[in-house]
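All remarks here apply to the structure that follows.
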Amino acid sequence: MMGNQPQWQQDADRHSRLVDPVVTIQELSRFKPLRTTRIDYALVFTTAQGGLDPYLPPNRPSRTELATRRWTSVYEVDMGLHDADAVLALPSGNDAFLFEVSLSCSWQVLHPALFVASGERNVPAMIQRLVDNAVRPVLRRYAMTDSAAAEHEAQWALAAAEPLGAAAGLHIGCVLQIRRDEAALAHEHELREIQFAREKLEPRHALLMREDELAAERALVQGQQQHQVELQNQNLVHERQLIRGRQEVELQEIEAQKIQYYAYYLEQGGPTAMAFQLAKHPEDTRLVMENLREDQMRTMQSQMQLVLQALGGGPGGLEEHQLDEPRRMAVNLAKQFLSAKRPSALPGDPPGGVPGGVPGDLPAVEAVAPDAAPEDSARPADGDAMAPPPAPPGHPGGGAAPKDAGPVFGYRPSTPPPGQ
């Protein structure tokens with residue numbers, strides 16, 4: 001057999017996606033013998049009277065048949081299994097809404113002669129047409145929201161109908177899926193989101209309420225702790241104020257004791273006050289001694305004037321009946337004055353004298369002021385004398401006031417006149 005160019009030919013391989021299983025059409029005559037064909041294709045020969053003689057692979061006509069049967073043409077038909085997918089938009093019970101019908105089909109030529117006789121050129125389009133005719137009346141009975149029921153009924157309708165493509169010599173297997181349109185799906189998505197949000201609302205509300213309760217409890221505990229801290233601080237401040245108050249009272253008591261202590265010695269006057277000053281400041285010894293001697297000199301001069309005036313008579317003197325007792329006192333005072341010993345001189349004093357121009361042989365007696373006699377007579381006995389106040393805490397004296405017993409700075413106390 002010689003090869004001739006066919007009248008029509010598809011450049012198809014085994015993996016090619018076909019819509020028409022007729023691959024080539026070749027004219028035959030005495031001068032145009034059959035060319036070489038693929039072994040997996042079916043051959044359909046036509047006669048001048050319109051007959052069709054198919055040869056399924058791998059069968060091929062013999063040379064004798066080719067010479068005697070007088071075939072006018074030959075069709076090469078692919079008998080492989082092919083896929084066809086499509087999406088249809090079919091109306092629901094309401095024309096405003098269309099179902100989305102997804103087809104997933106497979107087709108294969110079983111009878112090549114019948115397919116050639118049918119004259120089909122596009123198998124996927126033929127499948128869509130057959131499915132549309134079988135499913136459209138069924139979907140018309142359902143609303144858009146009943147897509148699941150509509151899909152179930154459509155599957156039953158396809159199964160109950162005659163095999164699709166059988167009249168064209170095809171074996172067609174088809175699975176369909178019916179979905180709502182995009183607007184309905186978006187609406188369902190929104191409804192589902194709303195439902196999900198509603199379902200999450202109560203747990204979320206409970207969670208927020210629990211968080212608020214925990215926050216309130218935490219704030220309450222923190223407030224209690226803060227209150228305890230503030231209360232402790234207030235207690236500490238109060239205790240410090242009490243301690244400070246007690247310290248102030250103690251200081252006031254100490255000041256009062258100091259005032260009483262110093263007032264006692266200042267009230268004594270004379271040698272007692274100077275002795276107190278000397279006890280605190282021993283470096284003032286010379287100054288204290290000079291002051292004492294000056295006071296004693298003035299006191300002795302006053303006593304001498306008083307004695308002379310009392311004994312001399314004349315204007316300003318006493319009567320005779322008044323001179324007896326003063327005279328005895330004057331005589332005793334003179335004896336005491338004449339029998340008194342002279343005090344030892346301080347270091348640095350001139351020999352034979354005392355500072356201030358006082359003769360060295362002049363005796364010293366204890367100063368008795370003229371107005372002191374009534375006070376001395378009014379004082380209590382020695383056993384009932386008032387004790388000096390105790391020294392305040394921290395005072396350098398640290399104890400009782402110095403006693404007047406014995407001579408002060410080398411001077412002897414005066415002897416009271418007889419009869420007293």
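If you go through region 252-263 one residue at a time, do you hit one that is of a type in the set (S, T, N, Q) and in contact with a Pro (Cβ under 6 Å, 6 or more places away or on another chain)? Among the residues of region 252-263, at least one is of a type in the set (S, T, N, Q) and in contact with a Pro (Cβ under 6 Å, 6 or more places away or on another chain), which makes the answer yes. Residues in region 132-148 that are under 60 Å from the mean Cα position of the chain (by Cα) and in a loop (DSSP other than H, G, I, E, B): 1 in all.
On the basis of being out of contact with any Cys (no Cβ under 7 Å at 6 or more places or on another chain), in contact (Cβ under 8 Å) with a residue 12 or more places away in the chain and open to solvent by 50 Å² or more (accessible area, probe 1.4 Å), does Arg70 make the cut? Show your work before the answer.
Working: out of contact with any Cys (no Cβ under 7 Å at 6 or more places or on another chain): yes; in contact (Cβ under 8 Å) with a residue 12 or more places away in the chain: yes; open to solvent by 50 Å² or more (accessible area, probe 1.4 Å): yes.
For Arg70, the condition - out of contact with any Cys (no Cβ under 7 Å at 6 or more places or on another chain), in contact (Cβ under 8 Å) with a residue 12 or more places away in the chain and open to solvent by 50 Å² or more (accessible area, probe 1.4 Å) - is met.
Being modelled with pLDDT of 85 or more, touching a strand residue (DSSP E or B) at 6+ places or on another chain (Cβ under 6 Å), open to solvent by less than 50 Å² (accessible area, probe 1.4 Å) and closer than 30 Å to Leu139 by Cα is true of Ala86.
Residues are listed down the side, and each one gets a yes or a no for (1) surrounded by fewer than 19 Cβ atoms within 10 Å (Cβ to Cβ); (2) within 20 Å of Tyr41 (Cβ to Cβ):
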residue	(1), (2)
Pro91	yes, no
Leu98	yes, no
His111	no, yes
Val135	no, no
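Out of all the residues in region 159-177, which are without any contact (Cβ under 8 Å) to a residue 60 or more places away in the chain and surrounded by 17 or more Cβ atoms within 10 Å (Cβ to Cβ)? Residues satisfying the conditions are Leu164, Gly165, Ala168. For Pro124, the test of being touching a strand residue (DSSP E or B) at 6+ places or on another chain (Cβ under 8 Å) and assigned to a loop (DSSP other than H, G, I, E, B) is failed.
Ala125 fulfils the conditions (1) out of contact with any Gly (no Cβ under 8 Å at 6 or more places or on another chain); (2) open to solvent by less than 20 Å² (accessible area, probe 1.4 Å); (3) closer than 26 Å to Leu18 by Cβ; (4) not polar (S, T, N, Q) except for a single criterion, (2). Scanning region 150-200 for residues that are in a strand (DSSP E or B) and not aliphatic (A, V, I, L, M) yields His171, Gly173, Cys174, Gln177, Arg179.
A residue that is open to solvent by 30 Å² or more (accessible area, probe 1.4 Å) and touching a strand residue (DSSP E or B) at 6+ places or on another chain (Cβ under 6 Å) occurs nowhere in region 137-149.
Taken as a whole, the condition of being farther than 30 Å from Thr36 by Cα, at pLDDT 90 or above, of a type outside the set (Ser, Thr, Tyr) and surrounded by 15 or more Cβ atoms within 10 Å (Cβ to Cβ) applies to Leu130.
Across region 3-26, what is the total count of residues that are open to solvent by 20 Å² or more (accessible area, probe 1.4 Å) and assigned to a loop (DSSP other than H, G, I, E, B)?
13
Considering the conditions (1) open to solvent by less than 80 Å² (accessible area, probe 1.4 Å); (2) more than 23 Å from Ala273 (Cα to Cα); (3) at pLDDT 70 or above, Gly314 is excluded by exactly one of them, (3). Evaluated against (1) open to solvent by less than 20 Å² (accessible area, probe 1.4 Å); (2) closer than 19 Å to Trp8 by Cα; (3) modelled with pLDDT of 90 or more; (4) out of contact with any helix residue (DSSP H, G or I) (no Cβ under 7 Å at 6 or more places or on another chain), Val77 falls short on exactly one condition, (4). Cβ-Cβ contacts under 8 Å between residues 6 or more apart (or on different chains), taken from a first residue in region 113-126 that is farther than 16 Å from Leu88 by Cβ to a second residue that is open to solvent by less than 40 Å² (accessible area, probe 1.4 Å) and in a helix (DSSP H, G or I), are listed as Leu114/Ala168; Phe115/Ala168; Ser118/Ala168; Glu120/Met126; Glu120/Ala168.
Just the residues that are of a type in the set (D, E, K, R) and touching a residue at least 60 places away in the same chain (Cβ under 8 Å), please, taken from region 10-44.
Scanning region 10-44 gives Arg14, Arg17, Asp20.
The values are calculated or read from the model by the stated rules, or taken from the named source; none is laboratory data. Nothing here was measured: the structure is a model prediction, and the numbers come from that model. Quick reminder, even Gly has a Cβ in these numbers, built from the backbone with ideal geometry, and neighbours come from all protein chains shown. Surface accessibility is based on the protein's heavy atoms, side chains included, excluding ligands, DNA and RNA. Shrake-Rupley method; radii C 1.70, N 1.55, O 1.52, S 1.80 Å.
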